1. Looking at (1) surrounded by 13 or more Cβ atoms within 10 Å (Cβ to Cβ); (2) closer than 18 Å to ASP63 by Cβ; (3) without any contact (Cβ under 8 Å) to a residue 12 or more places away in the chain, which is the only condition PRO32 fails?
2. Is there any pair with a first residue in the stretch 48-63 that is polar (S, T, N, Q) and a second that is open to solvent by less than 50 Å² (accessible area, probe 1.4 Å) whose Cβ atoms are under 6 Å apart and which are 6 or more apart or on different chains, and what are they?
3. So for the stretch 2-9 (the condition being surrounded by fewer than 18 Cβ atoms within 10 Å (Cβ to Cβ) and polar (S, T, N, Q)), does at least one residue qualify?
4. When you go through (1) in contact (Cβ under 8 Å) with a residue 40 or more places away in the chain; (2) part of a helix (DSSP H, G or I); (3) open to solvent by less than 60 Å² (accessible area, probe 1.4 Å) one by one for PRO15, which number turns out not to apply?
Amino acid sequence: MMANQISRFFAHLGPERAPPEIADHLRKFWDPRMRREIVAHVAAGGGGLDPLAATAVGLLVEDAKVS
């Protein structure tokens, strides 16, 4: 629910700019446990998650692969 609220806040930026901003917000303000849970939710299908939020979570996963 919270990820969808964040996604709606950034939606005005459009599908190109919103996901990086959402991902940045999740990095800055969500604790690691919350980020792990949202990543697991997306890995399990992401039911109910806004597409912009799902894309942002994908960016978090890519970050984890790099670091």
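1. Here PRO32 meets the rest and fails (1).
2. From the stretch 48-63, the pairs are THR55/PRO19.
3. At the first step, the residues of the stretch 2-9 found to be surrounded by fewer than 18 Cβ atoms within 10 Å (Cβ to Cβ) are 2, 4-5, 8-9.
Then drop every residue that is not polar (S, T, N, Q), which leaves 4-5.
Yes, the stretch 2-9 contains a residue that is surrounded by fewer than 18 Cβ atoms within 10 Å (Cβ to Cβ) and polar (S, T, N, Q).
4. That leaves (3) as the condition not met.
The values are calculated or read from the model by the stated rules, or taken from the named source; none is laboratory data. All of these numbers come straight from a predicted model, not from anything done at the bench. Counting neighbours? That spans all protein chains shown, and the Cβs are built from the backbone with ideal geometry, glycine included. In case anyone asks, the SASA skips ligands and DNA or RNA and just uses the protein heavy atoms, side chains included. Shrake-Rupley method; radii C 1.70, N 1.55, O 1.52, S 1.80 Å.
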